[in-house]
Amino acid sequence: MGSPERLAFFLTQRLKNPLPGLEAHKLMMPPDRLSRLEQYASEIPQARPGAVALVLFPESNVWNFIAIRRQNRPGDVHSAQVALPGGAVEPGDQRPLFAALREAEEEVGLRINPHQVCGPLTPVYIPPSRFLVHPFLAVLAEKPSFQIQAEEVAEVLVFPVGLLLKNEVRQKADFLTSYGRLKNYPCFRLGDTLIWGATAMILSELAFILTTDHKAFHPNEGH
């Protein structure tokens, strides 16, 4: 496994170049979303800005990433779904990055310094809630401690990053949401956990990026 400094340097430099964006996102998009890309593009200017933190850290010689399972809350279109720590960009936030760092600390106790952030990934529009989510990728030198905000977060989930690079974890499944039943949706199946939607699209871009450099990240990690 490469050192945190080596991975952070690679990712920081990589994120300065054009990102795969839609090419990577499409791999985890359902057919109905693919057919409405033009419609959704017209909604983006009116979308509410949001931000999430995609955080990597080493443990037992394996790189891991952090996700959360949201609390089951009536009226929340993302109730009980797997997501990345984050939330809405508030008026007091200077830019989306500050919202991602603030929400990561509030939701799960992650204290991320701006210098630990490698850069932004491609924003993802979420039609049901009409958020345009700005993901930020961060690399920590060691496993963090967690302090869950129970009103928002049901549990913290940790997965090996290397699993995202395995073809067999890219599957399709049906999901029951507050806004209807979704059939045959692309997802990542990580053990008993299914990750789909905007979160899967963000993770797909990370996987796409990591496969471009095997020296900074070993794709066989996460067996």
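The values are calculated or read from the model by the stated rules, or taken from the named source; none is laboratory data. The model shown is predicted, which means the values in this text are computed figures rather than measured ones. All Cβ positions, glycine included, derive from the backbone under ideal geometry; neighbour counts span all protein chains shown.
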Based on what the data block shows, is V158 in contact (Cβ under 8 Å) with a residue 40 or more places away in the chain and in contact with a Cys (Cβ under 7 Å, 6 or more places away or on another chain)? no
Matching residues, the stretch 141-152, being at pLDDT 95 or above and among the aliphatic types (A, V, I, L, M): A141, I148
Name the residues in the stretch 186-212 that are farther than 16 Å from E23 by Cα, crowded, with 22+ Cβ neighbours inside 10 Å and not hydrophobic (A, V, I, L, M, F, W, C), would you? none
Tell me, which residue of the stretch 17-60 that is acidic (D, E) and over 24 Å from L165 (Cα atoms) is modelled with the lowest pLDDT? D32
Testing V139 on (1) free of Cβ contacts under 8 Å to residues at least 24 places away in the same chain; (2) touching a Cys at 6+ places or on another chain (Cβ under 9 Å), one condition comes back false. Which one is that? (1)
Residue check, F208 more than 22 Å from S3 (Cα to Cα), among the aromatic types (F, W, Y) and touching a residue at least 12 places away in the same chain (Cβ under 8 Å): no
G191 is checked against (1) over 15 Å from the mean Cα position of the chain (by Cα); (2) closer than 23 Å to A51 by Cβ; (3) not acidic (D, E) and fails just one. What number does that condition carry? (2)
Yes or no: P127 closer than 30 Å to L176 by Cα, surrounded by fewer than 18 Cβ atoms within 10 Å (Cβ to Cβ) and not hydrophobic (A, V, I, L, M, F, W, C)? yes
Going by the conditions given, is Y125 within 20 Å of L101 (Cα to Cα), of a type in the set (S, T, Y) and within 18 Å of the chain's Cα centre (by Cα)? yes
Can you tell me which residues in the stretch 168-211 are among the hydroxyl-bearing types (S, T, Y) and either assigned to a strand (DSSP E or B) or touching a strand residue (DSSP E or B) at 6+ places or on another chain (Cβ under 6 Å) (or both)? T177, Y185, T193, T199
Going by what's in this entry, would G119 be described as within 24 Å of P30 (Cα to Cα) and assigned to a strand (DSSP E or B)? no
Here are some conditions: (1) within 21 Å of Q149 (Cβ to Cβ); (2) in contact with a strand residue (DSSP E or B) (Cβ under 7 Å, 6 or more places away or on another chain); (3) of a type outside the set (S, T, Y). F98 meets all but one. Which one does it not meet? (2)
Hits in the stretch 133-167 - residues which are of a type outside the set (A, V, I, L, M) and in contact with a strand residue (DSSP E or B) (Cβ under 8 Å, 6 or more places away or on another chain): H134, P135, F136, E142, K143, P144, F146, E152, E155, F159, P160, G162
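The rows are residues; the columns are (1) touching a Pro at 6+ places or on another chain (Cβ under 6 Å); (2) of a type in the set (A, V, I, L, M); (3) modelled with pLDDT of 95 or more.
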| position | (1), (2), (3) |
| --- | --- |
| V62 | yes, yes, no |
| P74 | no, no, no |
| A80 | no, yes, no |
| G87 | no, no, no |
| E90 | no, no, no |
| D93 | no, no, no |
| A100 | no, yes, yes |
| A104 | yes, yes, yes |
| V108 | yes, yes, yes |
